[in-house]
1. What part of the accessible area of the chain, given as a whole %, is carbon or sulfur when the probe is 1.4 angstrom?
2. Read phi for every residue in the range 312-326 and hand back ³J(HN,Hα) as whole Hz from Karplus 6.51 cos²θ - 1.76 cosθ + 1.60, θ = phi - 60°, with x for Gly and Pro.
3. Return a whole-number percent for the relative contact order of the range 116-199, with Cα pairs under 8 Å and 6 or more residues apart as the contact set.
4. Please work out which option in (1) 28; (2) 31; (3) 15 gives percent of Cα pairs over 37 Å apart calculated from these coordinates, and answer with its label.
5. Could you grab the relative contact order for the chain? Cα pairs under 8 Å, six or more apart, rounded to a whole percent.
6. Across the range 7-18, in residue order, what do the Karplus-derived ³J(HN,Hα) couplings come to in whole Hz, using 6.51 cos²θ - 1.76 cosθ + 1.60 with θ = phi - 60° and x for Gly and Pro?
7. Say R0 is 22 Å: what FRET efficiency, to the nearest 0.05, do Tyr230 and Arg62 get from their beta-carbon distance?
8. Using each residue's phi in the range 129-137, evaluate 6.51 cos²θ - 1.76 cosθ + 1.60 at θ = phi - 60° and report the 3J(HN,Hα) Karplus result to the nearest Hz, with x for Gly and Pro.
Amino acid sequence: MLVIGLMSGTSYDAVDAAAAELRLADGTLLLKPLGMVSTPYDDELREALAGALPPAAVPLARVCLLDTRIGQAFAAAAVRADRELCGGRAELVASHGQTVFHWADGGRVHGTLQLGQPAWIAEATGLPVVADLRPRDVAAGGQGAPLVSLVDLLWLRGRPGTPVALNLGGIANLTAPDGTAFDTGPGCALLDAAARRCTGGRLRYDVDGALAARGRPDPALLEELLAEPYYALPAPKTTGKELFHAGYWRAPEGMPAEDALATLTLLTARTVADAVRSVGATEVVASGGGTRNPVLWETLRGLLPGTPVRVSDELGLPAAAKEAYAFAVLGFLTAHGLPGTAPSATGARHPSVLGSLTPGRDGLRLPPPAAGPPVRLRIE
């Protein structure tokens, strides 16, 4: 089955569309990557989205506008991926949507909201669409995240030692082979917000870590930031920009922008490294935008001496597209009536078949249910 996975993360800068050929054989899910296209949000939509994220109060009219505009942006990305990567032969689209609120309180998740109306995707492509993947896990008592943990567990199964999958997105998360999974804290979220604020909006992020490279971390400030109660919560746990939003922290009066970025870079690397050590990892396989920040990357590696830290490209999944491919897998599982969650990772009471289905141009024609769930994932 040719499946397109659509993803826009907590950095909300673009829609990534990855295409994969997927098939299930003797308990092994075979994934052949066909490539990725990335379509940036236009400036107007990006600003509207930024203005609607926590802690902003948003009228329902703005929610409706964003649901429509994001759905149209995802639809355009899916059309492009079908044309450029699948030769017009795609059979299914799996859309993560754009997370705008993750209702976590008291160690529990009570709800989660992703915008990007899937009807626009189905109308534009003519294909059935799997969307709203997170809420079912939340309804089953789970955190709804990290939702790609099942894919990570299948993918890294059989590797020696204790390999962990790390996503360095706006929020960082990891998955360990025993099924432990959680958000470690801010990945690039605070870095991006500080870069925008320090440059008056000229930069959306610290390009190549250049600002942080010129600064020096402030030890006292770092310790203050590390006192955030979230870091001490037990797994499973999830967070988002409801906590680590643009107003979460501001540099002390007179602190150079370079020192602020250096401190926040060390904060991300330190909280990730602490999480990696807490699960006894012997190898880290990383993906996400943070892998392209050389200062963050080298700081993290320096905090984990003796533990190989490599990008997922080395194992066959491009770091920039890994989450989009993961959601293509989750869509494939849903279409075949298979669960897409690992309860040990999200804390849910049981595995769940994820998402809602929007019919395509020819109605809803799904493949026969699979005989059983996969036990491993292999990249072809």
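1. 53
2. 5, 3, 5, 10, x, 10, x, 4, 6, 10, 4, 5, 4, 4, 4
3. So the answer I get is 18 percent.
4. (3)
5. 24
6. Computed from phi, the couplings for the range 7-18 are 8, 9, x, 6, 7, 6, 10, 6, 9, 9, 10, 10 Hz.
7. Between Tyr230 and Arg62 the formula returns 0.20.
8. Each residue's phi maps through the Karplus curve to give 10, 9, 9, 6, 7, 7, x, 5, 5 Hz.
The values are calculated or read from the model by the stated rules, or taken from the named source; none is laboratory data. Since we're looking at a predicted model, the values are computed, not measured. Using ideal geometry, Cβ is built from the backbone for each residue, glycine included, and neighbour counts are taken over all protein chains shown. These area figures cover heavy atoms from the full protein model, side chains too; ligands, DNA and RNA do not enter into them. Shrake-Rupley method; radii C 1.70, N 1.55, O 1.52, S 1.80 Å.
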